[in-house]
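The values are calculated or read from the model by the stated rules, or taken from the named source; none is laboratory data. Being a predicted model, the structure only gives us computed values, none of them experimental. In this analysis, Cβ positions are derived from the backbone assuming ideal geometry, glycine residues included, and neighbour counts consider all displayed protein chains. Note: accessible area is taken over every heavy atom of the protein model, side chains too, but ligands, DNA and RNA are not part of it. Shrake-Rupley method; radii C 1.70, N 1.55, O 1.52, S 1.80 Å.
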Amino acid sequence: MVNYKFEKVNPEGETISKIISGPRLYGYFKKDGLLYKIYQPMIKDLKFIKIQSYIQGSEQLTYSLPYLIICSSMKDLLCFNKLGFKNAEAIAPDSENTLIPESQINEFKKKYKGICVIFDNDEAGIKAMATYHNKFGLPYIKFDMEKDISDSIEKHGIRKIREIITPLLKQTLNV
């Protein structure tokens with residue numbers, strides 16, 4: 001059994017201390033060592049506990065490539081990077097249901113030639129991509145081979161997914 005104590009400040013400014021315990025706990029940490037999310041794979045109802053907002057992959061951005069891809073999760077961000085595109089960087093919000101703040105999207109628009117959203121091929125993912133399109137004018141790719149990029153790579157392989165996604169990215173980003 002693993003125990004983890006963390007503190008969080010609520011909207012009223014009060015500090016709340018919590019202790020989480022379970023058979024397996026995994027922390028997601030920023031570069032500076034601060035915890036932003038807890039993963040409990042053995043707990044069905046509470047797999048992820050968000051400690052603070054964080055755009056996954058943001059600390060790895062170089063801003064030296066022309067394109068930014070917004071993926072649905074850390075897993076899909078890592079799988080997208082594994083595809084080996086030399087002209088795009090990737091990030092992921094905490095979840096598809098967490099909208100990246102407009103101020104941050106506007107900063108990304110200043111730094112990248114094009115931005116594209118690739119979320120899951122399910123009702124929640126499609127709805128979230130439409131929200132990014134309607135609110136920020138960002139194009140999206142409905143990648144419909146499997147539920148998401150990582151499942152598609154697992155089933156069809158990196159080479160096949162790269163062959164399929166390359167023309168979709170070129171078309172969507174007007175490359």
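Structure notes:
- Most mobile listed residue (LYS109, LYS135, LYS50) in the chain, GNM with C-alpha springs under 10 Å: LYS135
- Rounded to 10°, Cα long-axis angle of helix 123-136 versus longest principal axis of the chain: 70
- Residues SER150, SER95, ordered by accessible area of protein heavy atoms at a 1.4 angstrom probe radius and largest first, appear as SER95, SER150.
- Charge-dipole axis of region 85-175 as Lys and Arg at +1 and Asp and Glu at -1 on Cβ define it, positive-most pick from GLY114, ALA90, ALA130: GLY114
- Cα-Cα over 18 Å, subset of LYS86/LYS110; LYS30/LYS50; LYS37/LYS75: LYS86/LYS110
- The angle between the Cα long axis of helix 158-173 and the longest principal axis of the Cα atoms of the chain comes to about 80 degrees, rounded to the nearest 10.
- Options ILE70, SER53, SER103, ranked by Cα towards positive dipole end of the chain, top entry (Cβ charges): ILE70
- Annotation: amide H of TYR140 within the under-5 Å range of VAL117, sequence separation 5 or more or interchain, hydrogens built in the peptide plane.
- Taking all pairs of distinct alpha-carbon atoms in region 71-138, Kirkwood radius in angstrom: 12.5
- Against the set (i) 0.99; (ii) 1.03; (iii) 0.95, the structure's computed Rg/Rh (Cα atoms, Kirkwood Rh) falls on (i).
- Per residue solvent-accessible surface (Å²) - the chain, probe of 1.4 Å: 58
- Counting only aspartates and glutamates at least 8 places from LYS160 when in the same chain, those with an alpha carbon closer than 19 Å to its own are ASP76, ASP120, ASP144, GLU146, ASP148, ASP151.
- Relative to one another, the C-alpha centroids of region 63-84 and region 98-175 are positioned 9 Å apart.
- Taking the protein heavy atoms of the chain in the context of the full set of protein chains, the accessible area attributed to carbon and sulfur is 51 percent at 1.4 Å.
- For the set TYR28, TYR112, solvent exposure ranked by accessible area (probe 1.4 Å, protein chains only) runs largest to smallest as TYR28, TYR112.
- Within region 87-128: backbone nitrogen closer than 13 Å to the LYS142 label point (7 Å, Cα to C-beta): 119-128
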